[in-house]
Amino acid sequence: MKYIPNQLTGGSEHVDDPSVLTISKPEIKRPPLYKILLLNDDFTPMEFVIVVLSKFFGLNHSESVEIMLTVHKKGVAVIGVFAFEIAETKVTQVMAFARANQHPLQCTMEKE
Ligand code: TYC
């Protein structure tokens, strides 16, 4: 059996020759990534936002202050990029933590 590799596709090509083995290109797709956005509001204390950023996103204190201030000044910032389930879990955790502390903080996710 002839195997004719095709360097462009990674598979092989033949024109109606039953003795030629066709190997299709392996499709390796990366999972889509999701941005987590933090939104500004007038009521959530700055210190609470800093706690959220360090607790759920592993940022150190100065990184948390910097991102909190970006959101405070610009209205919104991307605070991380994750696979769907990780992003969804973090958004749920942040929203639950904010509600439990009676703050209106909003956190959402969108496909990159
Ligand atoms: N704007 C808020 C304040 O002045 C602070 C704040 C920052 C709130 C970031 C939400 O995502 C936020 N207390």
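Values quoted throughout were computed directly from the atomic coordinates according to the rules given, and no laboratory measurement underlies them. Everything quoted here is computed from the prediction, not taken from an experiment.
See the values below:
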item	result
Segment residue 84-residue 25, extension gain: residue separation times 0.36 nm, minus the distance between their alpha carbons	18.6 nm
Amide hydrogen neighbours beyond the local backbone of residue 106, cut-off 5 Å, H modeled	39
More than 18 Å apart - percent of Cα-Cα pairs taken over segment 15-67	59
Calculated over segment 26-111: convex hull of Cα atoms, volume per residue (Å³)	90
